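Each reported figure results from applying straightforward, stated rules to the coordinates on display, with no laboratory input. A quick note: this is a predicted structure, and the numbers were derived from the prediction, not measured. Note that we place each Cβ from the backbone using ideal geometry, even for glycine, and neighbour counts take in every protein chain shown.
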Amino acid sequence: MALIDLHTHTDRSDGSTPPAELVRQAIAAGLKALAISDHDTMAGHDVAAPVAADCGLELVCAVELSTRPNEQREGGKREKSVHVLGYWLDSPPSEEFRLYLETQQASRRKRNLDLVAKLQQLGVAITLEDAEVYGRNQVGRPHFARVLLDKGYVTNIQQAFDVYLADDAQAAVDRDEPTLKEGIQRIKAGGGLASLAHPVRLPQRGAELERLVENLLEDGLEGIEVFHSEHDPADCDEFAAIAARFGLIPTGGSDYHGDNKPGILLGSGKDGNLSLEYRFLEEMREMSAAKRQPRNGTK
Ligand code: AMP
Ligand code: FE
Ligand code: FE
Ligand code: ZN
């Protein structure tokens, strides 16, 4: 049985696995198709693409955008980040979308400089170069957490977030991030299929989640992540029902981060709770093509 995994990270964002190595791991795990969905970058995908082509692995172009539910109100507390997956099943992303990702890289670089300054003000002896040892292509907060741990400022990664790095912690720094609506619109305009990532992490559930999803349809939301390592069978059922109700394309994957999230395995998730057959990807393609087809009577 040919399996697939459509949600994975490399060391070009906050995973630990180099892109070419991930391709080899995917083949070793018996996968027929893989999507590298790094946070706000396609650098890992781009490195993996020729390797996958050589090895006969189908690599699906993807990204996972970090967004915020709404514009930030002046002086107000930021709402929890919402992730949106983008999939390019048949054609590559537009040049405009790739340029947009560049703006997100710039926003992250500025955030990182501000974050280092704030940490230094708090008496933490840290430089950007320290974090760049872990974040090879794109430095994220998990990389700063590793440095704080190495240097003995905290005793575990979670403490690094709780004390310094979390949205409401001492060294919290805002950055320019798209709203959820903008993120979806950008993916759609760039020719991609936008899917709401791991909805189990959203504060909304049940009728509230349905209202959110319904609202996002007009922005171009076309999918919802039904299968994910953090979804139990009841979660999957609820999100599958929402997909059916709103005509969304079910998507799924492990959210593999290599050693940075031990316990989540490529292709099989947490304790084997994920198993997506190749047919699942074919169904995504069929549903996506149907959505793009003009309806009868209209042009
Ligand atoms: P960044 O995209 O660089 O802002 O980093 C965001 C990542 O940091 C998330 O994907 C999580 O992996 C991690 N993270 C953010 N906030 C927390 C938190 N409060 N506790 C633990 N991990 C967090
Ligand atoms: Fe991540
Ligand atoms: Fe995510
Ligand atoms: Zn992810």
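A few remarks follow.
- Formal net charge of residues neighbouring SER229 (Cβ-Cβ distance under 13 Å; K, R +1; D, E -1): -4
- Counting 0.36 nm for each residue step from ASP162 to LYS80 and taking away their Cα separation leaves a gain of 28.1 nm.
- Förster-model FRET efficiency, 22 Å R0, LEU128 and ALA172, C-beta, rounded to 0.05: 0.80
- Separation between Cα centres of the stretch 102-148 and the stretch 187-256, rounded to whole Å: 31 Å
- Gaussian network model of the chain, springs between alpha carbon atoms under 10 Å - residue of ALA241, ALA26, ALA197 with greatest fluctuation: ALA241
- The chain: Rg to Rh, with Rh as the Kirkwood radius over Cα pairs: 0.96
- Spin-label pair ILE27/ARG285, simplified geometry with 7 Å Cα→Cβ offset, distance in nm: 2.1 nm
- For the chain, calculated [θ]222 nm from helices alone, where every DSSP H run of n ≥ 4 adds -39500 (n - 2.57): -12500 deg cm²/dmol
- Percent of Cα-Cα distances greater than 18 Å, calculated over the stretch 105-165: 24 percent
- Rule-of-thumb Rg ratio for the stretch 176-299 [Cα; 2.2 N^0.38 Å; N residues]: 1.11
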